[in-house]
Amino acid sequence: MTAGSADSRPPDPSGWVRTSRDGAVLTVTLDRPDRLNAQTPATWAALAAVGASLDDGVRVVVVRGTGRAFSAGLDRSLFGSGPDVPGSLGDLGRLAAEEAQERIRAYQAGFRWLRSPGIVSVAAVRGHAIGAGAQLALACDLRVLADDARFRLPETTLGLVPDLTGTSTLVELVGYARALEICLTGRTVGAAEARAIGLATAVVPAAELDAAVADLTAALTAPPVGASRATAALVRSAVRNDPPTQDAAERAAQVQRLHELVGGR
């Protein structure tokens, strides 16, 4: 969890998250533009609720922010240390270790579902994606960036660590050494560098971001649903499987596809 925009208002129970559906595509929008879509625990609870409510007809989930930023990270009000700020870092730090970890586990649930079997998730990123914002983009399978996008993971510079599922994906995307350098320095990664190191699936002019995401979602939903989901599962498992295990997974998946295509078992 990391820095974001100041806010004197109490947390919104909705978490400033809204959704819309167009056929097989579900769009999840952080809708707090006056605070650059800064996040709170209510945001993560709302995101987790969206994940829990998915039906089998959803094939693609698009995550975006309203306004000029994807998300500037954790709402600054949560950096308070007083006992009267529920969900603040100070509040979390006063809990017993096991209780604090369980609370963070609940926060992580708002991010981890974006790689659930059956869906492909796409982050549409413009402007700042800082801390929790960067980790939300990292939680998605694919990232389409406007050319003004800026990623930053400053947690370590604040005496904290990234804890919203971002480190595993970052290492997968850019490799150990680059991920370590980005996390420890907390520096900004611009759109051009993000594309060069594999963090971005595509970079487009800001005015073309919506069209580029629409084109991608159309391409993702074009193949037959069974083949698409089975292939996505194979690609995800390839990250961690050894070659013999992955070969076996490919064989099993292909036989299943063939059986379904010819009306077999």
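The rows are residues; the columns are (1) closer than 18 Å to residue 116 by Cβ; (2) in contact (Cβ under 8 Å) with a residue 24 or more places away in the chain; (3) of a type outside the set (Gly, Ala, Ser).
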site	(1), (2), (3)
203	no, yes, yes
207	no, no, no
211	no, no, no
218	no, no, no
225	yes, yes, yes
231	yes, no, yes
237	yes, no, no
248	no, no, no
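Please go through (1) among the basic types (Lys, Arg); (2) crowded, with 17+ Cβ neighbours inside 10 Å; (3) within 24 Å of residue 25 (Cα to Cα) for residue 35 and return the number of the only condition it doesn't satisfy.
Against the list (1) among the basic types (Lys, Arg); (2) crowded, with 17+ Cβ neighbours inside 10 Å; (3) within 24 Å of residue 25 (Cα to Cα), residue 35 comes up short only on (3).
So the check is Cβ under 7 Å with 6+ separation or different chains; which pairs have a first residue in segment 61-84 that's over 20 Å from residue 34 (Cβ atoms) and assigned by TED's automatic domain parsing to the domain that holds residue 141 and a second one that's at pLDDT 95 or above and among the small types (Gly, Ala, Ser)?
As it stands, the answer is 61/121; 62/124, since those pairs meet every condition given.
Based on this model, can you work out whether residue 101 counts as within 30 Å of residue 226 (Cβ to Cβ), of a type outside the set (D, E, K, R), part of a helix (DSSP H, G or I) and in the same structural domain as residue 188 (by TED's automatic domain parsing)?
Answer is no for this residue.
Given 200, 212, which one is small (Gly, Ala, Ser), in contact with a strand residue (DSSP E or B) (Cβ under 6 Å, 6 or more places away or on another chain) and not in a helix (DSSP H, G or I)?
Just a single option satisfies the conditions, and that option is 200.
Looking for something hydroxyl-bearing (Ser, Thr, Tyr), at pLDDT below 95 and farther than 29 Å from residue 215 by Cβ - is there at least one such residue anywhere in segment 160-179?
No, segment 160-179 has no match at all.
What helices (runs of 4 or more DSSP H) lie completely within segment 104-191 and have 3 or more residues being closer than 24 Å to residue 47 by Cα?
132-139, 166-174
Just wondering, is there one or more residues in segment 102-116 that are buried (at least 23 other Cβ atoms within 10 Å of the Cβ), of a type in the set (S, T, N, Q), closer than 22 Å to residue 199 by Cα and modelled with pLDDT of 95 or more?
No.
The values are calculated or read from the model by the stated rules, or taken from the named source; none is laboratory data. All values reported here derive from a predicted model rather than from experimental measurement. As a convention, Cβ positions derive from the backbone with ideal geometry for all residues, glycine included, and neighbour counts pool all protein chains shown.
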